[in-house]
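Working notes for the structure below.
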Amino acid sequence: MGRWTPGARGRLQRAAFELFAERGFEQTTVAEIAARAELTERTFFRHFADKREVLFAGQDELTARMVAALADAPAELSALDAAVRAVEASTEFFDGSPDGPRARQAVIDAHPELRERELIKMEGLVSAIAEGLVLRGVPASAASLAAASAVAVFRRGFERWIAAEQGPDLARCIREAVAELKAVVAGG
């Protein structure tokens, strides 16, 4: 193995997903992931705290995209519409690699401890969006409600997108979930 190889993080992620699919999450070790990627365990731990973090590695980037989109949203938007604008920005994060998120979600869905970690990460998105709304002048209670609603819309849209392998793109799935939420709020 060479001292430094470009693309180590991506290779580790690909190796992990391959092994998770072949052997299962619990049966896969960090050593096996590193070996499959032709890297050392030490290199693995430079990129990920543990094998679970391979599944959640993009969380900071996803949050940053959402927060930036919220900051750039027009001031005249309602709290909910601004929060939805934030979650719509997530589509760029997932564009071009629908199989990766599907494989990731399949592993998470099969393990309760991973579902719990995903819920914690989703709460982090709610907090980040709520903080951004407060900075826009939205009262904290309304900001929290709008952020939680927007993340619920995101999750619903994401679930639809994952389920429909040849179906609509993620942006459309999110828009459909927004329309559903607005219909429910309007009493329809």
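Taking the condition of being touching a residue at least 24 places away in the same chain (Cβ under 8 Å) and either assigned to a helix (DSSP H, G or I) or outside the structural domain of M66 (by TED's automatic domain parsing) (or both), how many residues in the range 159-174 meet it?
First, the residues of the range 159-174 that are touching a residue at least 24 places away in the same chain (Cβ under 8 Å): 161-162, 165, 169-171, 174.
Adding the requirement that they be either assigned to a helix (DSSP H, G or I) or outside the structural domain of M66 (by TED's automatic domain parsing) (or both) leaves 161-162, 170-171, 174.
Looking only at that region, the number is 5.
So, restricting to helices (runs of 4 or more DSSP H) that lie completely within the range 3-51, which ones have at least 2 residues that are closer than 15 Å to I108 by Cα?
By residue number, 8-23.
Does R156 count as out of contact with any Ser or Thr (no Cβ under 7 Å at 6 or more places or on another chain) and under 17 Å from S90 (Cβ atoms)?
Spelling it out, R156 is indeed out of contact with any Ser or Thr (no Cβ under 7 Å at 6 or more places or on another chain) and under 17 Å from S90 (Cβ atoms).
Give V54, V67 a once-over and let me know the one that is farther than 30 Å from L135 by Cα, among the aliphatic types (A, V, I, L, M) and touching a helix residue (DSSP H, G or I) at 6+ places or on another chain (Cβ under 8 Å).
Details: V67 fails: farther than 30 Å from L135 by Cα.
Only one candidate qualifies: V54.
With respect to L77, is the statement that it is over 25 Å from A15 (Cα atoms) and either touching a residue at least 60 places away in the same chain (Cβ under 8 Å) or assigned by TED's automatic domain parsing to the domain that holds I33 (or both) true? Explain how you work it out, then say what you get.
Working: over 25 Å from A15 (Cα atoms): yes; either touching a residue at least 60 places away in the same chain (Cβ under 8 Å) or assigned by TED's automatic domain parsing to the domain that holds I33 (or both): no.
In short, no.
Would you be able to tell me the number of residues in the range 103-144 that are surrounded by 18 or more Cβ atoms within 10 Å (Cβ to Cβ), modelled with pLDDT of 95 or more and more than 13 Å from the chain's Cα centre (by Cα)?
8
Being outside any helix (DSSP H, G or I), more than 20 Å from F20 (Cβ to Cβ) and of a type outside the set (A, V, I, L, M) is the filter here, so list the residues in the range 52-86 that pass it.
P74, E76, S78
The values are calculated or read from the model by the stated rules, or taken from the named source; none is laboratory data. All values derive from a computational prediction rather than experimental measurement. Note that each Cβ is placed from the backbone with ideal geometry, even for glycine, and that neighbours are counted across all protein chains shown.
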